[in-house]
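Heads up, the thing below is written out as structure tokens.
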């Protein structure tokens, strides 16, 4: 299985920081020119799901201490130290300038490889619309 980046994430954070601090700042998502046409009408979405490679993560622990919630399994956490270092974050789209998206809510460091962008759709993504408890 191989994935190729479709762009790069630009952030003021060159080192990992508190996810809350990172998400509060604006980030730029720069889509490679060969994929720029795929951004057609993306401005019609207020929120986007960003999929990225956690390129600085090394190794993983199946069970370990987490930032919040004590000790738990990696699949019950949002730890970057995962068997497959893939990050997924919901962002708010502020603007688009050609192949560049300005967003808030992203917790990725500068130069993070972008793997995919998907629009957030409440009727698909919001559990309140999918499941009856």
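Checked against (1) under 19 Å from residue 7 (Cβ atoms); (2) surrounded by 15 or more Cβ atoms within 10 Å (Cβ to Cβ), residue 80 passes all but a single condition, namely (1). So residue 107 fits all but one of (1) at pLDDT below 95; (2) touching a helix residue (DSSP H, G or I) at 6+ places or on another chain (Cβ under 6 Å); (3) closer than 15 Å to residue 7 by Cβ; what number is the exception? The failed condition is (3). The listed residues are 46, 92, and the only one of them that is surrounded by 14 or more Cβ atoms within 10 Å (Cβ to Cβ) and touching a strand residue (DSSP E or B) at 6+ places or on another chain (Cβ under 7 Å) turns out to be 92. Return yes or no: is residue 113 part of a loop (DSSP other than H, G, I, E, B) and within 21 Å of residue 5 (Cβ to Cβ)? Judged against the criteria, residue 113 is not a match.
The values are calculated or read from the model by the stated rules, or taken from the named source; none is laboratory data. Please read these numbers as outputs of a predicted model, since none were measured by experiment. No Cβ is skipped: glycine too gets one built from the backbone with ideal geometry, and neighbour counts run over all protein chains shown.
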